[in-house]
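Below: one structure, written as structure tokens.
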Amino acid sequence: MDLPSKKYQIIYADPPWSYRDKCNAGKRGASHKYRCMELSDLMQLQVKQLAADDCVLFMWHVPPMPLEALKVVEAWGFKLKTMKGFTWHKLNKKALTSFLGMGSWTRANTEDCLIAVRGNPKRINASVRQFIESPHAGHSAKPLEIRDRIVQLMGDVPRIELFARQKVEGWDCWGDEV
């Protein structure tokens, strides 16, 4: 599937990371929910062609693979600003207590979205908070609030969501699940 030819000031991505975990031996791992991509395939995506001269990348990464996330950032033509642009504390849907995920060493209940830049993009709002608490909505589903916070931070500028699962007003989207 080809990437669009338009240029964007915001690129929001939740890559379908391929990594070995115990869940993949059963029916619970990511590869049983959607098509995962190897690191080399993620790095080869021509995301730089989507980026305006001044662009921000917001990219979710998996905790056991921070170095791989940095390789993708660099391959896509960006420079890391922070590994913790947004931290999502997952809550159980009904009880609103901390969700109990899998994790490698400890049971995971947060996910992080890094921020990387190309050029010199300007934020328009310095009061956007990093920490988000919201219910877990299923495997790999991210809080809808993140998109709103990104727009609050950067403004109503051309933006795209990569590896999108649904169409969202104001966002172009790309992915095999849309």
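Taking the stretch 66-106 only, how many residues are part of a loop (DSSP other than H, G, I, E, B) and within 16 Å of Ser140 (Cα to Cα)?
Qualifying residue count for the region: 7.
Before we move on, is Ala126 under 19 Å from Trp17 (Cα atoms), aliphatic (A, V, I, L, M) and either under 14 Å from the mean Cα position of the chain (by Cα) or surrounded by fewer than 18 Cβ atoms within 10 Å (Cβ to Cβ) (or both)? First the steps, then the outcome.
Numbers: under 19 Å from Trp17 (Cα atoms): no; aliphatic (A, V, I, L, M): yes; either under 14 Å from the mean Cα position of the chain (by Cα) or surrounded by fewer than 18 Cβ atoms within 10 Å (Cβ to Cβ) (or both): yes.
Criteria not met by Ala126.
Pairs please, first residue from the stretch 96-112 and on the phi > 0 side of the Ramachandran plot and without any contact (Cβ under 8 Å) to a residue 60 or more places away in the chain, second anywhere and loosely packed, with under 14 Cβ neighbours inside 10 Å and of a type in the set (Lys, Arg), Cβ atoms under 9 Å, 6+ apart in sequence or on different chains.
Taking only residues 6 or more apart or on different chains, not a single pair turns up.
Identify all residues within the stretch 50-101 that are in contact with a Lys or Arg (Cβ under 6 Å, 6 or more places away or on another chain), closer than 26 Å to Ser127 by Cα and surrounded by fewer than 21 Cβ atoms within 10 Å (Cβ to Cβ); write none if there are none.
Ala52
Starting from the stretch 120-131, keep only residues that are under 10 Å from Gln152 (Cβ atoms), then list their pairs with residues that are surrounded by 12 or more Cβ atoms within 10 Å (Cβ to Cβ) and among the polar types (S, T, N, Q) whose Cβ atoms are within a distance under 6 Å, requiring at least 6 positions of separation or different chains.
These pairs meet every condition: Asn125/Gln152; Val128/Gln152.
Each reported figure results from applying straightforward, stated rules to the coordinates on display, with no laboratory input. Since the structure is predicted, the reported quantities are computational estimates derived from the model, not experimental observations. Counting neighbours? That spans all protein chains shown, and the Cβs are built from the backbone with ideal geometry, glycine included.
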